1. Working from the alpha-carbon coordinates of chain B, get Rg over Rh, Rh being the Kirkwood radius.
2. Give the relative contact order (percent, whole number) for region A:291-340; include only Cα pairs under 8 Å separated by 6+ residues.
3. For a protection proxy built on the mean count of beta-carbon atoms within 10 angstrom, sort B:231-244, B:325-338, B:8-21 highest first, please.
4. How much net charge surrounds B:VAL78 when only other residues with a Cβ under 14 Å from its Cβ are counted (Lys, Arg +1; Asp, Glu -1)?
5. How about region A:289-361: which trypsin sites (Lys or Arg not before Pro) there are in a DSSP loop, with at most 16 other Cβ atoms within 10 Å of their Cβ?
6. Please list 3J(HN,Hα) in residue order for region A:401-408, calculated via the Karplus relation 6.51 cos²θ - 1.76 cosθ + 1.60 where θ = phi - 60°; whole Hz, with x for glycine and proline.
7. B:ILE181's amide H: which non-local residues (gap 5+, or another chain) put their own amide H closer than 5 Å, with H modeled 1.01 Å from N in plane and none for Pro or chain starts?
8. Over 29 Å between Cα atoms: which of A:LYS213/B:LYS397; A:LYS88/A:LYS328; A:LYS88/A:LYS213 fall into that group?
Amino acid sequence: MYSLRTARSLLALAVMLLVSVPAASPAWASGEPSRSRSITDTSLQWPSGETLARVLLFRDYNTRVVVIGTTLLGAAAGVIGTFAYLRKRALMGDALSHATLPGIAIAFILLGAKSLPLLLVGATITGVLGVFAVIGLRTIPRIREDAAIGIVLSVFFGVGMVLLGVIQQMRTGQEAGLSGFIYGKAAAMLAADAWLIGVAAIVVVAGCGLLFKEFRAVCFDPQFASSIGVRVHLVDFIMMALVVLTTVVGLQAVGLILIVALLIIPAAAARFWTDDLRMMTILSAVFGALSGYFGSTFSALLPRLPTGAVIVLCAGGVFGMSMLLAPKRGLLAASYRHWALRRNTAYQHLLRALAELEEQFGEGAEIPSARLAGARRWSPLHMRSCLAAARRRGAIERREQDVITLTPSGRAQARRMLRNHRLWELYLIRHADIAPSHVDRDADDVEHVLSEGIVRELEDELTDITGVPPSPHGSRSAS
Amino acid sequence: MTGWQWDIDGWIVLAGILSAVSCALLGNYLVLRRMSLMGDAISHAVLPGLAIAFLISHSRSSVPMFVGAVSAGLLTAVLSQTVHRYGKVEHGAAMGVVFSVLFALGLILIRQAADHVDLDPGCVLYGNINQIPLDAIGSALPPPILNLGIVLLVNVAFIALFYKEMKISTFDPQLATTVGIPADLMHYALMVLVSVTTVANFESVGSILVIAMLIVPGVTAHLLTDRLGAMIAVSIIVAVFSAVVGHVFAAFGPAWIGLPGSTHTSAMMAVVAGGLLLIAVLLAPRHGVISRAWHRLILSLNIIRDDVLSLLLRWQEVRPEGGRPIRQAEVLAAIGDSPLTRWSLRTLVRSGYVMLDRTGRGDDADGMKLTASGLSRATGLIRSHRLWEAYIDKHFKLPTSHLHLSAERVEHYITSEMRDEMSADLTSPQHDPHGRAIPPEQGEG
């Protein structure tokens, strides 16, 4: 038991992060879970090493079925979800999944018994009806797509709940399983159900593979697609049919409220990593499959964790990581780029201020840092970090505490910045007819992005200027 | 349940009315602001707020639940805005991501606590409105009714106090900002109220009814009226009707069709509201399916009648001296034989524009001729057609063969004033670009 302590701690950490329960008493540290739980005891009961090994190594037949089924489901939903997401039909899946409930209830009432395939046929019928209802409502002038989705979702679900209420009073015992479709009940999955999901996954993947070009055309530019001879309505219909298929086979595992998450989240997460549709589809499938795998494994390991919800949380985790960490579109990368840009801007501002001061004090002069602080409204802290950065880059030297000198390479850079700044100012004054007192601010922003090509063009426009022109509005540090 | 009992059914209907009306009031603004799904998202996402509040405070008293749910509701609004703006995820999908993850979190937390608490996931969906009468035993006012009543009062007060501000910031946020109304604040105030309303309704009527009542009455009212005040009034009527009829159907409906017992009142309220919306979709005076279909039918009937009249005139034109009248079969063949065409022929005869000429024999037995008034209308049409062709030919460089189609479409909508203007512009032309004579304007026939 102690040998598995590390592994269990890691697992515990992962789940604690995911679930973020304010768990006061970590039961995993104290060993045996107690049987009588008090009302304040919100800890999770951690599995014994034996359970862990059995689940992770697939020794348990039931677990094997559930884990394989949900993994395949996640992959299929990821693939078709990519296209639904790009076609902006993702929330249509929500209306669709809620609309399956009356079908399940009607099938149950008509047949009087639970037979999964027939219940799913019922679900498909009303689900498709729901989709058509959304499309129909959208054509009414005052009803927008979001309202249409909300209406179908709530009214169809209401019909389903009414029928479930009737069923509850009709019989006893049998109907208990029906509510499993609402929140999902992966533990009830049989081998046949996993096979059904497998077949559906193959159909979905094959369909998307065969129609990849058509799907791509319809997702990105329906008008263009129809002009090159793609039958947009037919392609949309097939796409929606595949969404219906995925939703219906996934009802039992994930539940109709949360199945839409599997369609949206992996696709939205994959979008952060790539601009290539093929890559995005593959990534989305992988994300979906991973969510399915980890979600069902966690819920097999820990008691009282609803599988569907854990799968969705895993997908949410993947989404959060993607949104943070993705190299180009991720938040961290974006804020790093932003930070680097600001640092570079500050560095260039510092150098230009020094070049302006050298104009007053003479080249190579020792510039007191107090004067520099006066040049721009810099806080002492900001100024210190800018100076440190400039010294690291070898642009300045600091012989005494409060005195700064430019190095030769720093001076060259600084004078180039100053020249660019003044060129732009002169250009604005002469060609854009802007008052000399108003050009400084604009040039302040533009100087950092002037490429060599643009500087050369500016030089061609302002042929009389050589070297660093004097400031057209009087030096800032002098004012 | 045998019959209506005021001490049971009365309380249930009252709870239903209070919750439906408080949702419907806010729903109007959600629908107008195209934020219908925000109601959906918030009502899913308050679940983890409730659960966390319970886990922290270990009680089901109102205040922690209220705080938890409102912060969860606001979190949903803020998070989906963040995902949308910084993640560049499409708005609906961003909401989908946020609310499904939060709902999953809430579900897990509730299951963790469910062993010992009556915070049952099933209740979350359809509530336990039928429990309310039990709460009424021993107290004058059951607590759920009190909560719902307070929420309704708050919503009414908010809308009454900020009616103008909400109206402007709903229809024109830029204008609102320029006249000094904080549109963002209004947005978040609405979100807070939606969260509060959702929480108060959670226990008694469940989240499905909240979603239905936030969206359906507003949309129904929007179909029926163009004025905000009237829209709010209609939505309240829809909400009250749904509550009353919904409970009656839920309590007694199963018995009417020979089934035992009753079913969930709140779910049935959603269904009744959906039924009302369906009726509005079909029957709404301007935007309804039936009225639009009727207008389209009348329009196409008028176009066919015009086509028939100009056909008869053209037939006469090429046969100036007598000649046989056109046969009905030829008219049908030229216009396209359909029940609509036959009907329009009958109305033309009945309203005296066309007369049937039965003097001929054999194939000529049912010839058709223009009457004087028919001739006048047909002349107007032909004049419109040919003037339009001449006008287009003068001002646009189109090939002569392309003129006819445009004139064919437009001729039905050209008034005699427009004809006069075109004629003046073209200095009273005698012939159209194809060389056919443009008939002179006739007196009103």
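1. Working: Rg = 32.8 Å, Rh = 27.0 Å.
When Rh is taken as the Kirkwood radius, the ratio is 1.21.
2. On the way: 42 pairs, mean separation 12.6, N = 50.
The value is 25 percent.
3. Numbers: B:231-244: 22.3, B:325-338: 15.6, B:8-21: 24.1.
My ranking of the peptides, most packed first, is B:8-21, B:231-244, B:325-338.
4. Numbers: positive: B:ARG85; negative: B:ASP184.
Charge balance in the 14 Å sphere: 0.
5. A:ARG304, A:LYS328
6. With the stated coefficients, region A:401-408 comes to 4, 10, 10, 10, 10, 7, 7, x Hz.
7. none
8. Details: A:LYS213/B:LYS397 41 Å; A:LYS88/A:LYS328 22 Å; A:LYS88/A:LYS213 18 Å.
Violating the 29 Å Cα-Cα cut-off are A:LYS213/B:LYS397.
Just so you know, all these numbers are worked out from the coordinates, no wet-lab data involved. Because the structure is predicted, anything quoted here is derived from the model rather than measured. Every residue, glycine as well, gets a Cβ built from its backbone with ideal geometry; the counts of neighbours run over all protein chains shown.
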